[in-house]
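Undergrad: I'd like to ask some things about the structure below.
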Amino acid sequence: MRIVLAVIVALTIYVIGASMLRRFKVAPPAEPDPADIRPVNLRFRCIVCGAEVTMTAAQDDPEAPRHCREDMLLVME
């Protein structure tokens, strides 16, 4: 009886673990079309630590990157 119970518990743990691992299988986003990328010259600064980023290419209307879990601010030159 103990062996049967152990096999059932082991199978249950295996099925639950396998289903949890399947949830991590996420396809990466599609690569952007090179024709849609345009040159830009934008500078952003982190409001928390002051790190700066220069964006030189973007699609359509670029969003501000995130740093220190906050959106970075656009720096006016």
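The values are calculated or read from the model by the stated rules, or taken from the named source; none is laboratory data. Predicted model only: the values in this text are computed from it and were never measured. Ligands, DNA and RNA are excluded from the accessible area calculation, which covers all protein heavy atoms including side chains. Shrake-Rupley method; radii C 1.70, N 1.55, O 1.52, S 1.80 Å.
Undergrad: Hey, any idea what % of the chain's accessible area is carbon plus sulfur with a 1.4 Å probe?
TA: Reported share for carbon and sulfur atoms: 62 percent.
Undergrad: Per residue, how large is the accessible surface of the chain? Use a 1.4 angstrom probe and give square angstrom. List each step's numbers first, then the result.
TA: Details: 7000 Å² over 77 residues.
Normalised by residue count, the accessible surface of the chain is 91 Å².
Undergrad: Related question: Cα axis of helix 2-23 to longest principal axis of the chain: angle in degrees, 0 to 90, nearest 10?
TA: That works out to roughly 20 degrees.
Undergrad: Give me, ordered by chain and number, the residues 5 or more places off His67 or on other chains with an amide H under 5 Å from its own placed amide H.
TA: So His67 has HN proximity to Met72.
Undergrad: Grab the eigenvalues of the alpha-carbon gyration tensor for the chain, scale each by 5, take roots, and send me the semi-axes largest first in whole angstrom.
TA: On the way: eigenvalues 484, 70, 8 Å².
Listed largest to smallest, the semi-axes of the chain are 49, 19, 6 Å.
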